[in-house]
Amino acid sequence: YTPTLTSISVCNYISMVKTAHIRHPCDRFISAFTYLTQAGNEGDKILTNKWIADQTIDEFASNYNTAGWNPNYEIRHFTPQVEFVFYTHDGINEDREHAHDKPDGTFGLDLIMCTEQWEEGLDRLGDALGKSLPSDLREKQDNHFEHQSCEELAPETREILERVYAMDYCVFDYSPLPSDKTTCVGSYTTPEMFSSKYKQCQAIHRPEVAKKKPEAVWPVSYLAKLKLASATDDDDSYGADDDELAAYLEDGIKINY
């Protein structure tokens, strides 16, 4: 779920402590498949009928071997987790409103917590907030649905998932199989290190993207707001301190999406 932060100013957004929980890609995939095929809301059911129907989890995963078959951006439960925590100008973030000046691959949070190390993550969040967290947050929620483990998947299915979610495995230091004995990547990786790691993993797993020349692309909605501000200011100000962005508007550079 990715809410639109329409009621929060950019200044307030920047000052907030931003965090997210991540989960082992294989566990997350199985959990999502089980939820969608056994429950789901009305919107989920429509997408489940379209993409999954009566397939088993191994049959569903095997479809990723078919060129052009990819439900990951229509069913957000299957979207790679890196898509939610790094700034990019494609995928689910193509219309992003905040941090318009962040280069692609910039880590967008202050800290990452891991589902596998629930208590440890909450301790770090409490430290970042400078306050103790409500006790009910520490009650780890049990799964509502029984589902198989990653070890029970067909070997070829696990290989497919490791390919589809290669960036998640790489950036978040996940081993092929889940383990609650590992250390959460968020406990030893700073935001700057995450940004660097994203580029390293991209060079390995998405070389065709990594080789592209970075472009300064500004969200159209943000440009429109600045144009409106310039039209109402007597001093012809763009209403922003960013001289580079003002130059973009002044020169009328075409924005391609």
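The values are calculated or read from the model by the stated rules, or taken from the named source; none is laboratory data. Treat the numbers as computed from the prediction; the structure is a model and nothing was measured. Cβ atoms come from the backbone with ideal geometry, glycine included; neighbour counts cover every protein chain shown. Remember, those area values only see protein heavy atoms, side chains included, never the ligands or the DNA or RNA. Shrake-Rupley method; radii C 1.70, N 1.55, O 1.52, S 1.80 Å.
A compact table of results
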| read-out | value |
| --- | --- |
| When residues of segment 28-65 are limited to those that are assigned to a loop (DSSP other than H, G, I, E, B) and more than 19 Å from Leu153 (Cβ to Cβ), the one modelled with the lowest pLDDT | Gly40 |
| Tally of residues being among the β-branched types (Val, Ile, Thr), free of Cβ contacts under 8 Å to residues at least 12 places away in the same chain and surrounded by 11 or more Cβ atoms within 10 Å (Cβ to Cβ) across segment 42-74 | 2 |
| Breaking point among (1) in a loop (DSSP other than H, G, I, E, B); (2) modelled with pLDDT of 70 or more; (3) buried (at least 16 other Cβ atoms within 10 Å of the Cβ), for Trp218 | (2) |
| Asn72 at pLDDT below 90 and closer than 13 Å to Phe29 by Cβ | yes |
| Positions within segment 66-80 being hydrophobic (A, V, I, L, M, F, W, C) and under 20 Å from Leu153 (Cα atoms), in sequence order | Phe78 |
| Hey, His77 in a strand (DSSP E or B) and surrounded by 13 or more Cβ atoms within 10 Å (Cβ to Cβ) or not | no |
| Qualifying residue in segment 80-90 (condition: in a loop (DSSP other than H, G, I, E, B), open to solvent by less than 70 Å² (accessible area, probe 1.4 Å) and at pLDDT 85 or above) | yes |
| Residue that is modelled with the lowest pLDDT, among those in segment 180-215 that are β-branched (Val, Ile, Thr) and within 17 Å of Glu83 (Cβ to Cβ) | Val209 |
